[in-house]
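The values are calculated or read from the model by the stated rules, or taken from the named source; none is laboratory data. Predicted, not measured: the structure shown is a model, and the values here were computed from it. Here Cβ is always computed from backbone atoms with ideal geometry, including for glycine, and neighbour counts include all displayed protein chains. Ligands, DNA and RNA are excluded from the accessible area calculation, which covers all protein heavy atoms including side chains. Shrake-Rupley method; radii C 1.70, N 1.55, O 1.52, S 1.80 Å.
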Amino acid sequence: MGSAAKYNAQTTENKWYNYWMEHGYFHSEVDDRESYTIVIPPPNVTGVLHMGHMLNNTIQDVLIRRARLKGYNACWVPGTDHASIATEAKVVAKLKSEGIEKSDLTRETFLEHAWEWTHKHGGIILEQLKKLGASCDWERTAFTMDDNLSASVIKVFVDLYNKGLIYRGYRMVNWDPEALTTLSDEEVIYEERQGNLYYLNYKIEGSQEVLTVATTRPETILGDTAICINPNDERFTHLKGKKVIVPIANRIIPIIEDEYVDMEFGTGCLKVTPAHDMNDKALGDKHGLEVIDIFNDDATLNSFGMHYQGKDRFVVRKEISKELEALGALEKTEQHLNKVGTSERTKAVIEPKLSDQWFLKMEDLAKPALEAVLDKDVKLVPEKFINTYRHWMENVRDWNISRQLWWGHQIPAYFYGDGKEDFVVAESKEEALTLAKAKTGNATLIETDLTQDPDALDTWFSSWLWPMTVFNGILEPDNKEINYYYPTNDLVTAPEILFFWVARMVVAGYEYRKEKPFNNVYLTGIVRDKQRRKMSKSLGNSPDPLDLIAQYGADGIRVGMLLSSPAGNDLMFDEDLCKQGSAFVNKIFNADRLIKGWEVDEDIEQPEAAKIGIAWYQSKFQKALLELEDHYSKYRMSDALMTTYKLIWDDFCSWLLEMVKPAYQAPIDAVTYAAVIKILGDNLKILHPFVPFISEEIWQSIKDRTPEEALIIASWPESHTIDEVLINDFEVAADVISGVRKIRKEKNIAFKEAITLSVLNNDKAKPTFDTVIKQLCNVSDLEYVSESVDGALSFRVKSNEYFIPIVAGTIDVEAEIKKISEELNYTEGFLKSVQKKLSNERFVANAPEKVIVIERNKQADAEAKIATLKASLASLK
RNA sequence: GGGCAAUUAGCUCAGUUGGUUCAGAGCACUUGGUUUACACCCAAGGGGUCGGGGGUUCGAAUCCCUCAUUGCCCACCA
């Protein structure tokens with residue numbers, strides 16, 4: 001047996017993953033057991049695994065594997081999201097690199113390219129998840145653009161339209177000039193950017209006077225249709241009813257009055273550009289202003305841009321400020337920090353734009369979803385997110401669900417005639433035709449008279465149905481699967497998509513099943529690097545998950561990720577954690593090697609130390625089971641792992657195995673061996689959710705197992721009563737053992753050298769663990785004495801005193817006196833504080849009886865200890 | 001501008017209704033160790049006035065006030 005034995009994760013992990021797959025352990029069918037369901041937050045179909053996914057899916061796998069062991073019918077549904085804007089952007093970029101413009105293609109051709117891309121890159125991420133050990137039911141893998149999921153989306157759209165909840169409106173929306181589509185409010189990220197505040201002079205019509213207006217966007221003057229002042233602003237009273245001339249454009253626009261204008265900001269005058277600002281639009285509507293749109297869809301200027309036509313808005317900003325300066329229309333510029341809306345996907349600066357879009361009315365839909373969370377019917381973990389959720393739900397605005405994209409679910413609205421208002425909404429063109437005929441009274445309409453809206457739906461308009469559509473619960477609301485698996489149990493996801501996705505799933509759940517989609521939502525943190533930066537591809541600070549797995553093994557990474565991942569708090573990822581993880585796996589591997597190396601002898605009797613050690617560990621294990629239950633119920637994954645980690649490493653390896661370990665090359669008795677094997681099996685069960693591979697590997701190597709006996713489908717250890725007395729006695733024994741080791745170290749007494757230990761038993765403690773102490777400290781004689789031993793080093797545990805005789809002359813009397821004096825000093829101080837507390841009448845009167853008893857015990861212990869310390873000192877002097 | 005959360009050992013974090021030595025864990029660190037599973041190991045050890053200040057209480061890391069710092073979310077101030 002070489003010392004070089006190390007666990008090889010690579011081969012083992014592949015072997016067992018294949019084994020699990022072959023035997024269909026991940027697959028779930030409806031049966032009599034209680035279901036435990038998780039639906040995966042579907043990653044982008046063409047995405048690749050990043051550290052956030054690793055954390056997320058590790059947690060889900062731990063939960064699902066534990067549920068499986070606990071006897072639930074565990075079902076983890078995997079899948080991917082078509083991610084319309086992200087995927088379309090990738091396809092457009094790919095085509096561009098080949099010299100093809102999207103605008104040159106028909107919708108059909110473009111979609112062919114998109115599907116090709118999807119088939120080529122799609123599902124890579126799911127393969128990566130398998131490396132991590134994810135025990136998803138791969139037979140259920142779903143995609144948001146699968147036929148039945150797509151049909152569900154369309155059905156829901158039509159239904160909501162018929163309920164009057166979806167409407168078409170000409171509104172100011174967030175326009176992404178790069179992706180050439182609108183975005184929902186949630187897809188706009190506001191960033192602080194340093195910019196300028198330009199002070200522009202507008203000439204008053206028929207006067208030499210100028211009016212100075214501050215703006216951050218001088219290029220938009222070409223779309224100005226008014227200047228607004230506050231009616232209460234006395235500085236401008238004389239200008240009421242006058243008109244000004246827009247520089248460069250030389251258009252004449254009115255001065256209007258509205259209290260909306262903040263007199264304190266800038267010059268107290270506001271230029272109004274209704275086409276390019278949400279507020280200006282509102283102001284324009286109120287005052288009946290003209291709307292001049294100066295931009296093309298790609299944010300270059302159109303014909304209203306005059307000589308700037310065709311140039312980008314930011315180029316124009318620079319150029320126009322120079323022209324204005326030359327004209328004397330630029331009073332000054334100031335540095336100004338302002339918030340700029342950017343596209344979540346393309347990072348392009350959002351342009352507010354007026355256009356015809358589809359919206360979903362959210363106000364009424366949100367109500368049951370809000371109540372569900374406030375009533376804790378849907379639990380958010382950690383709870384701090386309830387506030388955020390409530391705030392969003394109470395102020396929810398209508399959801400812009402249309403996107404000017406092709407990749408996605410095409411909106412089932414069919415236009416006829418020329419007007420934008422002439423349309424019908426239906427699940428198929430055929431139905432649409434019937435509807436259109438009825439609506440127009442024109443029986444001669446044919447399908448080609450109908451044109452389907454070219455826009456696609458927001459991706460989230462399909463993923464909000466995910467927990468239902470993966471079980472086909474929209475098309476067949478009464479099928480046995482949806483009735484069995486829904487509502488799902490836990491949802492594990494990132495807080496960033498609380499509004500995008502989680503809230504909307506709750507909304508959809510109540511609207512379509514009158515029931516929540518999941519019981520609990522566990523919100524993980526963001527994975528950050530040591531410098532607290534978010535791990536991202538663009539920063540290059542994110543390790544490749546597959547490289548990590550290759551280096552540390554999936555088990556190691558899983559442990560590494562969970563070692564520090566409090567719910568809702570960010571995870572500071574440090575590769576050292578993975579090292580720690582793989583060290584733990586290696587430790588388990590070696591414990592098993594030790595056990596495997598033992599030879600069993602049926603004829604020898606069980607040593608006392610082994611017997612007591614096993615009894616103790618069994619209680620300790622039961623205690624850990626209770627702790628685990630508590631931690632899991634609160635989604636404290638790192639705590640659950642740490643309980644397991646310490647139980648295995650410290651209690652099992654460092655204590656139990658050392659207690660039962662036979663002497664070198666000596667055999668072990670059969671009773672102890674059987675007990676250790678049983679314990680090992682139970683250990684593996686609680687380890688399995690965290691380290692599925694190594695645990696299955698060892699489980700299968702203990703003996704031949706049939707497929708029905710695989711660890712992955714074993715049953716969670718049974719609960720038994722806990723012997724607290726035994727556990728406490730062991731704590732004392734452990735202190736004694738530490739005391740002996742300390743003296744051995746101080747005095748350089750090698751472990752091989754047996755010693756005698758004398759005990760002055762003031763506690764009248766039962767000698768339960770004496771044989772254990774003898775074995776672990778190499779004590780040849782353990783004797784009880786009635787008075788202090790001369791010529792020995794001593795230490796105290798509780799009020800007992802322990803003596804180790806030392807070769808004459810090797811005791812440093814001075815040092816011993818100093819050490820004991822210090823301990824005496826401390827204990828006397830401690831006693832004093834306890835006495836002070838006990839002599840405080842108000843304490844005795846107010847504190848609960850329990851606390852007073854504890855203080856009295858402390859007092860008694862301290863007094864006894866002081867007595868032994870004094871006796872020791874006396875014997876040394 | 002509004003709201004929420006956090007601040008405990010070098011690092012990452014526990015500390016549930018104020019009261020068992022409650023000031024903890026893991027890692028890191030120091031020292032010692034070829035004990036025949038594991039140096040990805042074993043053992044022993046050092047380390048914090050619980051962000052600052054004030055208050056309530058017999059008793060505060062824990063409750064209240066205040067200040068400071070950090071993070072997150074929301075919001076149309078040109």
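Sort out for me the strands (runs of 3 or more DSSP E) sitting completely within the stretch A:747-811 that have 2 or more residues that are surrounded by 11 or more Cβ atoms within 10 Å (Cβ to Cβ) and of a type in the set (Gly, Ala, Ser).
A:792-797
Taking the stretch A:489-500 as the search range and keeping residues that are of a type outside the set (D, E, K, R) and over 24 Å from A:Met362 (Cα atoms), which one is most open to solvent (accessible area, probe 1.4 Å)? Can you show your working first?
Within the stretch A:489-500, the subset of a type outside the set (D, E, K, R) is A:489, A:491-495, A:497-500.
Right, trim to over 24 Å from A:Met362 (Cα atoms) and you get A:489, A:492.
Numbers: A:Asn489: 30, A:Val492: 0 Å².
The extreme case among them is A:Asn489.
Among the residues of the stretch A:641-671, what is the count of those that are within 15 Å of RNA strand B (Cβ to nearest atom), touching a residue at least 40 places away in the same chain (Cβ under 8 Å) and β-branched (Val, Ile, Thr)?
Of all residues in the stretch A:641-671, those within 15 Å of RNA strand B (Cβ to nearest atom) come to A:641-668.
Going one step further and asking which of them are touching a residue at least 40 places away in the same chain (Cβ under 8 Å), we end up with A:641-642, A:644-645, A:648-649, A:652-653, A:655-662, A:667-668.
Remaining after also requiring β-branched (Val, Ile, Thr): A:644, A:648, A:660, A:668.
Total meeting the criteria: 4.
Among the listed residues A:Asp422, A:Asp418, which satisfies the condition of being more than 16 Å from RNA strand B (Cβ to nearest atom) and either exposed (fewer than 13 other Cβ atoms within 10 Å of the Cβ) or on the phi > 0 side of the Ramachandran plot (or both)?
Of A:Asp422, A:Asp418, the one residue that is more than 16 Å from RNA strand B (Cβ to nearest atom) and either exposed (fewer than 13 other Cβ atoms within 10 Å of the Cβ) or on the phi > 0 side of the Ramachandran plot (or both) is A:Asp418.
Could you list all residues from the stretch A:570-598 that are near RNA strand B (Cβ under 6 Å from one of its atoms) and either hydrophobic (A, V, I, L, M, F, W, C) or touching a helix residue (DSSP H, G or I) at 6+ places or on another chain (Cβ under 7 Å) (or both)?
Answer for the stretch A:570-598, where residues must be near RNA strand B (Cβ under 6 Å from one of its atoms) and either hydrophobic (A, V, I, L, M, F, W, C) or touching a helix residue (DSSP H, G or I) at 6+ places or on another chain (Cβ under 7 Å) (or both): A:Met572, A:Gln580, A:Ser582, A:Ala583, A:Lys587, A:Ala591, A:Leu594.
Hey, can you tell me all the residues within the stretch A:857-869 that are within 9 Å of RNA strand B (Cβ to nearest atom) and either more than 26 Å from A:Asp763 (Cβ to Cβ) or surrounded by 12 or more Cβ atoms within 10 Å (Cβ to Cβ) (or both)? Spell out the reasoning first.
We begin by selecting, within the stretch A:857-869, every residue within 9 Å of RNA strand B (Cβ to nearest atom); these are A:857-858, A:861-862, A:865.
Scanning the stretch A:857-869 gives A:Lys858, A:Asp861, A:Ala862, A:Lys865.
Can you find, within the stretch A:838-856, the residue that is least open to solvent (accessible area, probe 1.4 Å) among those that are of a type in the set (S, T, N, Q) and near RNA strand B (Cβ under 7 Å from one of its atoms)?
Here is the first cut: in the stretch A:838-856, the ones of a type in the set (S, T, N, Q) are A:839-840, A:846.
Now narrow it down to the ones that are near RNA strand B (Cβ under 7 Å from one of its atoms): A:840, A:846.
Numbers: A:Asn840: 71, A:Asn846: 123 Å².
Residue satisfying both the conditions and the ranking: A:Asn840.
Looking at the stretch A:334-387 only, could you name the residues that are within 16 Å of RNA strand B (Cβ to nearest atom), outside any strand (DSSP E or B) and more than 23 Å from the chain's Cα centre (by Cα)?
A:Lys347, A:Ile350, A:Met362, A:Glu363, A:Ala366 - these are the residues of the stretch A:334-387 that are within 16 Å of RNA strand B (Cβ to nearest atom), outside any strand (DSSP E or B) and more than 23 Å from the chain's Cα centre (by Cα).
Suppose we keep only residues that are in a loop (DSSP other than H, G, I, E, B) and open to solvent by 40 Å² or more (accessible area, probe 1.4 Å) within the stretch A:165-193. Which one would you say is nearest to RNA strand B (Cβ to nearest atom)?
Looking at the filtered set, the residue picked out is A:Glu178.
Return yes when A:Trp466 is on the phi < 0 side of the Ramachandran plot, out of contact with any Lys or Arg (no Cβ under 9 Å at 6 or more places or on another chain), within 16 Å of RNA strand B (Cβ to nearest atom) and not charged (D, E, K, R) and no when it is not.
Spelling it out, it is not the case that A:Trp466 is on the phi < 0 side of the Ramachandran plot, out of contact with any Lys or Arg (no Cβ under 9 Å at 6 or more places or on another chain), within 16 Å of RNA strand B (Cβ to nearest atom) and not charged (D, E, K, R).
Inside the stretch A:501-534, can you point out the residues that are assigned to a loop (DSSP other than H, G, I, E, B), more than 16 Å from RNA strand B (Cβ to nearest atom) and buried (at least 18 other Cβ atoms within 10 Å of the Cβ)?
A:Lys516, A:Pro517
Evaluate the stretch A:192-211: report whether one residue or more is among the small types (Gly, Ala, Ser) and on the phi > 0 side of the Ramachandran plot.
Within the stretch A:192-211, one or more residues are among the small types (Gly, Ala, Ser) and on the phi > 0 side of the Ramachandran plot.
For A:Thr721, state whether it is in a loop (DSSP other than H, G, I, E, B) and away from RNA strand B (no atom under 13 Å from the Cβ). Give the steps one after another, and end with the answer.
On the way: in a loop (DSSP other than H, G, I, E, B): yes; away from RNA strand B (no atom under 13 Å from the Cβ): yes.
In short, yes.
Looking at (1) in contact with a Gly (Cβ under 9 Å, 6 or more places away or on another chain); (2) within 22 Å of A:Thr109 (Cβ to Cβ); (3) open to solvent by 20 Å² or more (accessible area, probe 1.4 Å), which is the only condition A:Ala456 fails?
(3)
Of all helices (runs of 4 or more DSSP H) completely enclosed by the stretch A:650-704, which ones contain at least 3 residues that are in contact with an Asp or Glu (Cβ under 8 Å, 6 or more places away or on another chain) and open to solvent by less than 10 Å² (accessible area, probe 1.4 Å)?
On the way: elements: A:657-660, A:670-687, A:692-702.
Fully inside the stretch A:650-704 and qualifying: A:692-702.
Restricted to the stretch A:398-420, and to residues that are closer than 14 Å to A:Phe461 by Cα and either assigned to a strand (DSSP E or B) or basic (Lys, Arg) (or both), which residue is modelled with the highest pLDDT?
Ranking the candidates gives A:Gln410 first.
For residues in the stretch A:194-245 being of a type in the set (Gly, Ala, Ser) and open to solvent by 50 Å² or more (accessible area, probe 1.4 Å), which is farthest from RNA strand B (Cβ to nearest atom)?
Out of the qualifying residues, it is A:Gly206.
Can you tell me which residue is farthest from RNA strand B (Cβ to nearest atom) among those in the stretch A:250-266 that are touching a residue at least 40 places away in the same chain (Cβ under 8 Å) and buried (at least 17 other Cβ atoms within 10 Å of the Cβ)?
In this case the residue turns out to be A:Ile255.
Among A:Thr444, A:Thr434, which is surrounded by fewer than 19 Cβ atoms within 10 Å (Cβ to Cβ) and in a helix (DSSP H, G or I)?
So the residue among A:Thr444, A:Thr434 that is surrounded by fewer than 19 Cβ atoms within 10 Å (Cβ to Cβ) and in a helix (DSSP H, G or I) is A:Thr434.
Given the criteria in a helix (DSSP H, G or I) and within 9 Å of RNA strand B (Cβ to nearest atom), does A:Ala550 qualify?
Judged against the criteria, A:Ala550 is not a match.
Condition first: of a type in the set (Val, Ile, Thr) and in contact with an Asp or Glu (Cβ under 8 Å, 6 or more places away or on another chain). Now tell me which residues in the stretch A:783-837 satisfy that.
Passing the criteria: A:Val797, A:Val834.
List pairs: first residue in the stretch A:80-92 and farther than 15 Å from A:Lys102 by Cβ, second residue open to solvent by less than 20 Å² (accessible area, probe 1.4 Å) and among the aliphatic types (A, V, I, L, M) anywhere in the structure, Cβ distance under 6 angstrom, at least six positions apart or on different chains.
Filtered contacts from the stretch A:80-92: A:Thr80/A:Val45; A:His82/A:Val45.
Any idea which residue in the stretch A:115-164 is least open to solvent (accessible area, probe 1.4 Å), counting only those that are more than 22 Å from the chain's Cα centre (by Cα) and of a type in the set (Lys, Arg)?
By that ranking, first place goes to A:Arg140.
If A:Leu626 satisfies all but one of (1) within 34 Å of the chain's Cα centre (by Cα); (2) surrounded by 16 or more Cβ atoms within 10 Å (Cβ to Cβ), what's the number of the condition it fails?
With respect to (1) within 34 Å of the chain's Cα centre (by Cα); (2) surrounded by 16 or more Cβ atoms within 10 Å (Cβ to Cβ), A:Leu626 is out only on (2).
What residue, of A:Phe830, A:Phe803, is under 25 Å from A:Ala733 (Cβ atoms) and either within 14 Å of RNA strand B (Cβ to nearest atom) or at pLDDT below 80 (or both)? Walk me through it before giving the result.
On the way: A:Phe803 fails: either within 14 Å of RNA strand B (Cβ to nearest atom) or at pLDDT below 80 (or both).
Matching residue, one of A:Phe830, A:Phe803: A:Phe830.
Of all residues in the stretch A:8-40 being surrounded by 21 or more Cβ atoms within 10 Å (Cβ to Cβ) and in a loop (DSSP other than H, G, I, E, B), which is farthest from RNA strand B (Cβ to nearest atom)?
A:Ser28
Looking at this structure, is A:Ile712 β-branched (Val, Ile, Thr), open to solvent by less than 40 Å² (accessible area, probe 1.4 Å) and under 30 Å from A:Gly556 (Cα atoms)?
Taking the combined requirement at face value, the residue satisfies it.
If you go through the stretch A:50-57 one residue at a time, do you hit one that is farther than 25 Å from A:Leu465 by Cβ and at pLDDT 95 or above?
no
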